[in-house]
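Report on the following structure.
No lab work stands behind these numbers, since they all come straight from the coordinates. Bear in mind that the values here come from a model prediction, so they are computed numbers and not experimental data. Note that each Cβ is placed from the backbone with ideal geometry, even for glycine, and that neighbours are counted across all protein chains shown.
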Amino acid sequence: MAQIGAETQSIAKESALSMPEPPAELERPALVLNARTPAWLSDKIAGVAEGKAPLWWWIAFCISFLTMSMGFGMIAYLISTGVGVWGVMRPVMWGWAIVNFVWWIGIGHAGTLISAILYLLRQRWRTSINRAAEAMTVFAVMCAGTFPLIHLGRAWFFYWLFPIPNANGIWPQFRSPLMWDVFAVSTYFTVSVLFWYVGLIPDLAVMRDRSTTTLRKFFYGLFALGWTGSNRHWNNYERAYLILAGLSTPLVLSVHSTVSLDFSVSQLPGWHTTIFPPYFVAGAIFSGFGMVLTLLIPLRRFLHLEEVITMRHIDLMCKVILATGSMVAYSYAMEFFIAYYSGNAYERFAFLNRALGPYWWAAWTGYACNVFVPQLFWFKKVRSHLTLVFIISILVNVGMWMERFFIIPVSLHRDFLPSSWGYYIPTWVDVLTYVGTFGLFFTLFLLFIRFLPLIAISEVKGVTAHADPHHALGGAGKGDHS
Amino acid sequence: METLLILGGNPVYSAPADLDWERTQRHAKTVVRLGYHEDETFALCDWHLPAAHYLESWGDARTGDGTLVAIQPLIEPLFGGQTELEVLARVAGLSPTEPLEIVRETFRGLGLPGGFEANWKRFLHDGFLANSAARTVAMPLDWPGAVKGLAAEQVPLPDGKQLEVVFHRDYGLDDGRHNNNGWLQELPNPITALTWDNAVLISRRTAAELGVKNYDLVDIQFGNRSVRGPVWIQPCLADYSLGLALGFGRTRTGRVGEGAGFNAYRLRTAGAEQFAVGAILRATGSTYSLSCTQNHWSMEGRSIVREANLSQYRAQPHFAKAMDREAPPSERSLYPNPLDELRKRNLEKRGITQQWGMSIDLNACVGCGACVIACQSENNIPIVGKEQVKNNREMHWLRVDRYYAAGPALEASHNDMATDDSQALEKWIDDPQVVHQVMICQHCEAAPCENVCPVNATVHDDEGLNVMVYNRCVGTRYCSNNCPYKVRRFNFFDYNKRPIEGHRLYLGPLAKKQALELELLKLSKNPDVTVRMRGVMEKCTYCLQRIEQAKIAQKIKAGASGDVAVRDGAIQTACQQVCPAEAIVFGDVADPNSRVSRLKAMERNYSVLEFLRTKPRTTYLARVRNPNPRMPDYYAMPFSEAEYWRGYEVTEGKLPSAGGSAREPEETGGGK
């Protein structure tokens, strides 16, 4: 060891004398193309939320709004009539609602991962995508949160799940994973919103300063909290952001771990496995990045943001999908191995039944989309082919939905006593409620891109050549900082 | 004929088809009818007298052996109905016409020694008259004559072109008299598990030969008469034989029975009331939905119902324990059992600690389902209608599971991965064995349902009951998902308040309620039991209200003596009370001398899914078969047992005593 250390030191000494220029192929591609100036970035990004909304936005918004209204109609029907309007039955007491809940929560993982973990890891490429991904997270968690609320038999008593002091002296049951869920999801939502908002403050000030109407000036000004861009503001802001990133990081891992405990704490073969927390977190990041790609690929085209959300960003996200997809594949394989290795006949049956039983199509759609399809990202040709990436990003989320489906209802439908086995079929209300949450999600997302800068302007400026003191275009002029 | 008097019955519906009763009865100038309901016969009578229900009536009867029994009313007639005795007395111009007086007169006519009033009171108290059975006489049987007579009977053999039709009274609806009774409509048939419908029962081979499958609507033509019904492939049925249940397809019944099944009486002629050969089956091309409460037939080699042959039982009395699965190694919990704490506290506070438990003897159980109805009536369990049953949403707290076990020869034809619909096409169902198992809340000591409820709506009480707090339940349904026995029932709709027929449950608050009937229906509810609303989970309580009544009664009796322990046998659960085979026994498991404790100490005792360590308070006594070795269907071990031991080294009829998943009974020794 010592010898190697000494060798390295001597090499370092030598190279300090004459530093050769790195070869061109090792040069990192710029994160903002064409050496765009900070002013161009402000105009470009803030411009999306200014002026008249384009026609495509209005069409998309109308469709989303109608879909959302239909979803609320479904919820009204559900609550006035009973959970029986869904397809849930014995033994499958949790159906689409919980599948959708876990699916949406999973999607809501990418945002905080990108903004918190990648921030701590100094991944500068995150700046072009973190704002939209965080917005996606907040909206996805809102969609997710709807389901546990409305799936209750008596939804009007949902507040009994919160530890509210009451005259009866009855507390929630803290041993129940559903209880942990309440805390995990609400904490995650609160911190995600805070994080998103804190990151927005400098950009809100930009929007305020660019406003031409008093109304806009007032509201942007209100939420910009008097930001002036002073050194002290920046100093406080950076610290707050770092603290929030530190707070959010464990949450990224804990939320889906807690959600997975809903299943692994139970006795049911197919649910009762210790691998679930990491398996669910990997799957969540996998699906979250899938959704970020699904959203950003069309957006960068429609809004002409190809210079800010570059092919390099897409390439990196594809690599994250490949990595997490492989983790998911490993988890699938391990589940089957453990089921076999346990020697428990009930466990073995549950997994055989998952792959070969009446719901074989769900399992194989899931395996195809989550295991085989992402492997295509090993090829650079695929990663740089936008249409293919877009299709795969959608397939990832189809696959992840199927994964939740084959874990939740499929494990339930054939459990311990064959006398109570059944075949679960969703109803039209199940389907339309799920479609309705897409309406909610896209309504909120479209409003977001209309009113807020969808890329963190201040942060993305920080990764340009203009912000790099060592660069020829850098603030210090000649790059002479030694 | 001047006047036709019809007492009870419903001949327009149930008389042999060739009598054409509808027209025949018009030969009388006036038709007077005494009946319960406004039914098919009611519509064609000139006078209809409302009949009193037998539970509202005085009467007398003789049992099969001739013993005289008393029929005593339980309730003042609700609608001023008349009994048959009363109507006959009036028609015959007798006096008195009061049914009670008539019965007393008859009793007086027996001329018993002693005072009449004393005898009468004794008769009512006992319910029967002692020593009134008929004398038995020895009758010589002419064996050769009987054999010759039977041989002379020419019965054509059925085949694909002339099928045999077997008429049987429906298990729940009888001859159709209970057609408008929701409890009986929804009672699963003990073998087919069908509800709300009858079906054309047919064997797998015959169905394949005729090219029909489950749910196909078929016409059965017999002479110039035909009926239309759905096909149900029934395991174990003889080939070329169709089973048709009577009692369905009523044209004029209440709103419960309307539209349930088809009327098999239309094929049934005088002289061929039980069976007839010569029917033709033709598929119509359309299908019909049937609601069955048990979709999966095979036990999949799991040790749920445990059975052995008598010889095996003698060789190894602990055969049921040998079928225990390997449980997790830990015997002691990290934390003290809160139940032990409760018991200790209870012991200190009240000086007693009674712990409730149940034993169900599978050897005695015949799967009749009386317990299902008793439980439904005791615990205000709603019916949910055909559509909901089809969706596995029936509310029965107590269900009778029925499994078919495949014989070793045909076992290979079973595909456990296939959909439930394809079971009916598998060969093994031609010759299975059938087992039944009563399944209710097991009142686990370590109940998996309890720790997953986020609002503490299902908890343990200090007498070991797993209790459900309805008004705390928010309906997450997690408890049901985590219940390995799937005995929890969820109110998906307001079954008690909203009309269930048609699609009207799905109309929610927009569906019109039947206000008038609901007033009457209130009488069917047990005032000691809560009626549950929608969105709430429910399940067997071990008839908690009866336990409480017994405890209160004992406390009153004890007075200052402080002897508040409820006597063994003082509490009978509803299912236990009606069980004709006395298969269900309930009592205090903390008292080693109680009947239930002694049953649980038997070597046949086992818990279902014991390896999960849920420690159920409800345990089962394994079943012992006693097949005759000289019969062609003799097997060394019951089919279900052979299914379980498949893959283990098992010599003829002898079980492994250790190794594999089997362990010495001493090791298991039940829950701690």
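Worth a mention:
- Spatial separation of Cα centroids for the range A:370-391 and the range B:228-275, in angstrom: 61
- Global geometry of the range A:26-98, whether rounded, prolate or oblate, following the gyration tensor of its Cα atoms and the 1.5 cut on a/c: oblate
- Fewest-first sequence of A:249, A:433, B:192 by Cβ atoms within 10 Å of each Cβ: A:249, B:192, A:433
- On Cα atoms only, tilt of A:2-17 relative to the major axis of chain A in degrees: 40
- Taking other Cβ atoms within 10 Å as a rough exposure proxy, B:600, B:427, B:522 sort from fewest to most as B:522, B:427, B:600.
- Farthest toward the positive end of the dipole of the range B:183-254, out of B:226, B:192, B:207, is the Cα of B:226, where the dipole comes from beta carbon charges about the Cα centre.
- Cβ-derived FRET efficiency at R0 45 Å, residue B:22 paired with residue B:567, nearest 0.05: 0.15
- Length-normalised contact order of chain B in % [C-alpha pairs under 8 Å, at least 6 apart]: 14
- Projecting the Cα atoms of B:11, B:318, B:262 onto the charge dipole of chain B (Cβ charges, centred on the Cα centre) puts B:318 farthest toward the positive pole.
- Rounded to 10°, Cα long-axis angle of helix A:276-302 versus longest principal axis of chain A: 60
- Each of residue A:391 and residue B:553 was given a label point 7 Å from its Cα along the Cα-to-Cβ line. The distance between the two points is 7.6 nm.
- With the simple spin-label model, which puts each label point 7 Å out from Cα in the Cβ direction, the residue A:121 to residue B:36 separation comes to 7.4 nm.
- For chain B, the cysteines with no partner cysteine C-beta closer than 4.7 Å are B:45, B:236, B:292, B:365, B:368, B:375, B:444, B:453, B:473, B:483, B:543, B:579.
- Here chain A is treated with +1 on each Lys and Arg Cβ and -1 on each Asp and Glu Cβ, and its dipole about the Cα centre works out to around 640 debye.
- Under 5 Å from the amide H of residue B:529 lies no amide H of any residue 5 or more positions distant or on a separate chain, with H modelled from the backbone and absent for Pro and chain starts.
- Expressed to the nearest 5 percent, the antiparallel share of DSSP beta bridges inside the protein assembly as shown is 60 percent.
- For the range B:604-649, GluC sites (Glu not before Pro) are listed when DSSP marks them as loop and at most 11 other Cβ atoms sit within 10 Å of their Cβ; the list is B:649.
- Fraction of antiparallel bridges per DSSP, the range B:307-666 only, in percent to nearest 5: 75
- Low-density loop positions, GluC sites (Glu not before Pro), the range B:105-195 - DSSP coil, at most 10 other Cβ in 10 Å: B:153
- Bins of 20 Å, starting at 0 and running to the largest distance - Cα pair percent for chain B: 15, 44, 36, 6, 0
- Each residue of the range A:391-408 is assigned a 3J(HN,Hα), and the resulting list reads 4, 5, 4, 6, 4, 4, 6, 4, x, 5, 5, 5, 4, 5, 5, 6, 7, 7 Hz, derived from the Karplus form 6.51 cos²θ - 1.76 cosθ + 1.60 (θ = phi - 60°), x at Gly and Pro.
- Cβ charges +1 (Lys, Arg) and -1 (Asp, Glu), total dipole of the protein assembly as shown, debye: 2840
- Over the range B:445-571, Cα pairs under 8 Å with separation of 6+ residues give a relative contact order of 23 percent.
- For chain A, the alpha carbon positions stretch 80, 68, 48 Å along the principal axes, listed from largest to smallest.
- With K and R counted +1 and D and E -1, the other residues having a Cβ less than 12 Å from that of residue B:448 yield a net charge of +2.
- Under 5 Å, built H, 5+ apart or other chain: amide partners of residue B:625: B:308, B:309, B:310
- Cα gyration tensor shape of the range B:3-126, rounded if a/c is under 1.5, else prolate or oblate by comparing a/b with b/c: prolate
- Modelled FRET efficiency - R0 25 Å, residue B:139 with residue B:62, Cβ distances, 0.05 increments: 0.80
- As computed over the range B:274-334, the Cα convex hull volume per residue (Å³): 273
- Sorted by Cβ neighbour density within 10 Å, fewest at the top, the residues B:255, B:135, B:26, B:613: B:135, B:26, B:255, B:613
- Spherically averaged projected area of the convex hull of Cα atoms, the range B:156-292: 7.7 nm².
- Relative contact order %, chain A, counting alpha carbon pairs below 8 Å whose residues are six or more apart: 29
- Dipole orientation for chain B: of the candidates B:561, B:614, B:131, B:561 has the Cα lying most toward the positive pole (charges on Cβ; Lys, Arg +1; Asp, Glu -1).
- The fraction of all Cα pairs in the protein assembly as shown landing in successive 20 Å bins from 0 to the largest distance is 10, 32, 32, 17, 7, 2, 0, given as whole percents.
- GluC sites (Glu not before Pro) restricted to the range B:419-502 and DSSP loop, no more than 16 other C-beta within 10 Å: B:501
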